[in-house]
Amino acid sequence: MKKNLIARFVLFAIIAFSGMRGADAQALSGFTLPTPWTEAALEAEVPLPEYPRPQLVRPRWLNLNGMWSYMGGKELPNPVQATTVPAFPKNAEKIRVPFPPEAELSGIVRKDETNLWYKRSFTIPKDWKGDRVMLNFGAVDRIATVFVNGKKVGTHTGGYDAFSMDITDYLKSGENELIVGAYDPNDGKAACGKNGPRGDYVYTSGIWQTVWLEPVAKKHIAGIQLTPDVTNSRLRIEVSSSNPDLRVVATALDGTKEVSSGQANSDTPFYLSVPAAHLWSPDDPFLYGLRLELKDKKGKILDKATSYFGMREVGLKKIDGVLRPTLNGEFLFHIGLLDQGYWPDGAFTAPTDEALRYDIELARRAGFNVIRKHIKVEPQRWYHHCDSIGLMVWQDMPNLWEPDGEDSVAVRTQFRDELKTMIDQHRNSPSIVMWVPFNENWGAFDATEITDWVKAYDPSRMVNGLSGYNYAPGYRKAYGDPGNGDFVDLHHYGRIEPKAVPRPDDRRAASLGEFGGKGLFVRNHMWPVRNDAYEMMISRDQLSDTYVMMLNEIEQLIRYFGLSTAIYTQTTDVEHEINGLVTYDRKVEKMDIDKVRDINRAVIDSTRKKE
């Protein structure tokens, strides 16, 4: 959304839990704006207990979410420079992992900590004997340093990346100690999105996704890359391991029925036949199962895992002389929601997996077929839910804010590295149909070059190089239209009319990357700051009817001016912004969802080619 750089709102209410020692003393009554899932998160011994990596599943694992000892502050040792672990107080505060310390569900509720330190103990299950033990993190913001039993294991940079470390050689029998340091200067010199110094909402730090242990064989499957090839009725597979001489056997499944099987050496691409493929779409989000086995030269199975894939194809083609986005060869108008992924109780982290699904299910129930995940990368389970529920995803790259200083070479290099990592870690999800490298000129640099690179790196998807290039934040010169990619994309929050939307050309389809932003006050369901929107409505009926009117006008722009996408702002209220379909606490539907669904379906149906 367009940033207001003049008016700075108070983004977070400081909550003081008097007399408490962190998360172990919380009560629901202490929350500013609890959601329907806050209580369940409070009561869970292990928050977010679900398996965190749906596209590479093994049966044995140990979730390390829950109560950890915590200390933080600028005066503490910097985790980036630390070679030894700091001493924790005997009665250290407790934090509820994986909720960031800025979130009320963490039990800490502080910000500007910069240096964050976490500690807990764990015991390796006896049946893991002889296996390598991997320590996995969904994400830690921003630079993580890991110690096991007082010894430094390694570091990782990147606030949205999943990462793993082999801690086998640092373990001992019985109880082991794990200490994680996180450094987050919040200086805008990293891919942070709105989770940064110029963002609209509270920024967050530290561990914010699931931490877990997993036993693997010494030689094991390290990663997979899956690319559907609908034209040739096949799936391209590449399985990486620690040894390219090992053999990979892959079997595609339709339920329990085997569809086909194939094999090749690891780190070598090969194909599985998928005859008469059941295609994935929002109307029919069919997913095939995938069984993987890693074998040695004698045929012994060293590792096994399961996954899934969807057969679908996206692209652009001219239809009646207008360049349009297609799904499985047919034009499908993209009507979507801008989705921020913030929570009043968990900040950057959904309180439960049910809550994580809720926003997606709301979008689907309201007749949308797209979610634009706005400058945030979600946990892998979020994409799994989109895959299975049936929502196409535009995935934004979280922007940096300060790409131009003396350290610009390092800052820009890190951004590019994290962009590649985002694509690598989420490219297997059939729901993701588009990458969006930049938004509204926020920290945009080399946008034309980067757009071309993304398109070449993942030619199976569309690329929207700079969504809303007509907006600019004002603190630096705007990059402007990159001139390439698959879309010419403008943002507009006023009246829906021809002069407000782009026109397609011979290389790019026309996209309204953000519109709407209509607000409604709902007392007792708003964050305690000055609440606002681009335009305020007086009632639920007016808000709903205004949306219907806008969609009727958008239908005219589709028919007569070549518009192919429209993304409404937004799924939920977020802190000061009250322009959601539902309130920030997800308790009140601010629009008539039936009306929204009916007009969305009518507009989509009007664009389908009639037989």
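The values are calculated or read from the model by the stated rules, or taken from the named source; none is laboratory data. Note that this is a predicted model, so its numbers are computed, not measured. Backbone-built Cβ (ideal geometry, glycine too); neighbour counts: all protein chains shown. Quick note on the areas: whole protein, heavy atoms, side chains included, nothing else; ligands and nucleic acids left out. Shrake-Rupley method; radii C 1.70, N 1.55, O 1.52, S 1.80 Å.
In the list Arg132, Arg60, which residue meets the criterion of being touching a Phe, Trp or Tyr at 6+ places or on another chain (Cβ under 9 Å), farther than 18 Å from Gln209 by Cα and open to solvent by 40 Å² or more (accessible area, probe 1.4 Å)?
Numbers: Arg132 fails: touching a Phe, Trp or Tyr at 6+ places or on another chain (Cβ under 9 Å).
Exactly one of Arg132, Arg60 is touching a Phe, Trp or Tyr at 6+ places or on another chain (Cβ under 9 Å), farther than 18 Å from Gln209 by Cα and open to solvent by 40 Å² or more (accessible area, probe 1.4 Å), namely Arg60.
For the stretch 236-249, indicate whether the set of residues that are touching a residue at least 12 places away in the same chain (Cβ under 8 Å), open to solvent by less than 40 Å² (accessible area, probe 1.4 Å) and under 27 Å from Gly341 (Cα atoms) is non-empty.
no
Looking at (1) part of a loop (DSSP other than H, G, I, E, B); (2) over 25 Å from Asp320 (Cα atoms), which one does Gly483 not meet, given that it meets all the others?
All conditions are met except number (2).
Across the stretch 379-393, which residue is surrounded by the fewest Cβ atoms within 10 Å (Cβ to Cβ) among those that are within 17 Å of Leu362 (Cβ to Cβ) and touching a Lys or Arg at 6+ places or on another chain (Cβ under 7 Å)?
Step by step, filter the stretch 379-393, then rank; the result is Ile389.
Please state which one of Gly193, Gly199, Gly181, Gly188 is open to solvent by less than 30 Å² (accessible area, probe 1.4 Å), in contact with a strand residue (DSSP E or B) (Cβ under 7 Å, 6 or more places away or on another chain) and either assigned to a loop (DSSP other than H, G, I, E, B) or of a type outside the set (A, V, I, L, M) (or both). Steps first, please.
On the way: Gly193 fails: in contact with a strand residue (DSSP E or B) (Cβ under 7 Å, 6 or more places away or on another chain); Gly199 fails: in contact with a strand residue (DSSP E or B) (Cβ under 7 Å, 6 or more places away or on another chain); Gly188 fails: in contact with a strand residue (DSSP E or B) (Cβ under 7 Å, 6 or more places away or on another chain).
The conditions single out Gly181.
Would you confirm, using the coordinates I've provided, whether Thr231 is of a type in the set (Ser, Thr, Tyr), surrounded by fewer than 17 Cβ atoms within 10 Å (Cβ to Cβ), out of contact with any strand residue (DSSP E or B) (no Cβ under 8 Å at 6 or more places or on another chain) and under 30 Å from Pro125 (Cβ atoms)? Reasoning before the result, please.
Details: of a type in the set (Ser, Thr, Tyr): yes; surrounded by fewer than 17 Cβ atoms within 10 Å (Cβ to Cβ): yes; out of contact with any strand residue (DSSP E or B) (no Cβ under 8 Å at 6 or more places or on another chain): yes; under 30 Å from Pro125 (Cβ atoms): no.
Answer is no for this residue.
Suppose we keep only residues that are without any contact (Cβ under 8 Å) to a residue 40 or more places away in the chain and part of a helix (DSSP H, G or I) within the stretch 527-548. Which one would you say is most open to solvent (accessible area, probe 1.4 Å)?
That would be Gln542.
Any residue that is in contact with a Phe, Trp or Tyr (Cβ under 8 Å, 6 or more places away or on another chain), of a type outside the set (Gly, Ala, Ser) and closer than 24 Å to Arg58 by Cβ - is there at least one of those in the stretch 356-376?
yes
In the stretch 494-526, what residues are touching a Phe, Trp or Tyr at 6+ places or on another chain (Cβ under 6 Å) and assigned to a loop (DSSP other than H, G, I, E, B)?
Correct list: Arg508, Gly517.
Just checking, which of Gly262, Gly321, Gly315 is farther than 30 Å from Leu563 by Cβ and surrounded by fewer than 17 Cβ atoms within 10 Å (Cβ to Cβ)? Spell out how you get there, then give the answer.
On the way: Gly321 fails: farther than 30 Å from Leu563 by Cβ; Gly315 fails: farther than 30 Å from Leu563 by Cβ.
Only one candidate passes the filter, namely Gly262.
Determine whether Lys317 is under 24 Å from Ala277 (Cβ atoms) and of a type in the set (Lys, Arg).
Values: under 24 Å from Ala277 (Cβ atoms): yes; of a type in the set (Lys, Arg): yes.
Yes.
Does any residue of the stretch 509-525 turn out to be in contact with a strand residue (DSSP E or B) (Cβ under 7 Å, 6 or more places away or on another chain), of a type outside the set (Lys, Arg), under 21 Å from Arg597 (Cβ atoms) and without any contact (Cβ under 8 Å) to a residue 40 or more places away in the chain?
No, the stretch 509-525 has no match at all.
Consider the stretch 104-160. How many of its residues are free of Cβ contacts under 8 Å to residues at least 60 places away in the same chain, in a strand (DSSP E or B) and of a type in the set (D, E, K, R)?
Final tally of qualifying residues: 2.
Have a look at Val202, Val180 and point out the one that is under 27 Å from Leu56 (Cβ atoms) and either of a type outside the set (Gly, Ala, Ser) or touching a residue at least 40 places away in the same chain (Cβ under 8 Å) (or both). Steps first, answer last, please.
On the way: Val202 fails: under 27 Å from Leu56 (Cβ atoms).
After applying the criteria, what remains is Val180.
Just for the stretch 153-175: of the residues that are surrounded by 18 or more Cβ atoms within 10 Å (Cβ to Cβ) and more than 25 Å from Thr204 (Cα to Cα), which one is nearest to the chain's Cα centre (by Cα)?
Checking each candidate, the answer is Ile167.
Among the residues of the stretch 91-114, which ones are over 22 Å from the mean Cα position of the chain (by Cα) and either surrounded by fewer than 24 Cβ atoms within 10 Å (Cβ to Cβ) or among the hydrophobic types (A, V, I, L, M, F, W, C) (or both)?
Going residue by residue through the stretch 91-114, those that are over 22 Å from the mean Cα position of the chain (by Cα) are 91-95, 107-114.
Of everything in the stretch 91-114, those that are over 22 Å from the mean Cα position of the chain (by Cα) and either surrounded by fewer than 24 Cβ atoms within 10 Å (Cβ to Cβ) or among the hydrophobic types (A, V, I, L, M, F, W, C) (or both) turn out to be Asn91, Ala92, Glu93, Lys94, Ile95, Ile108, Val109, Arg110, Lys111, Asp112, Glu113, Thr114.
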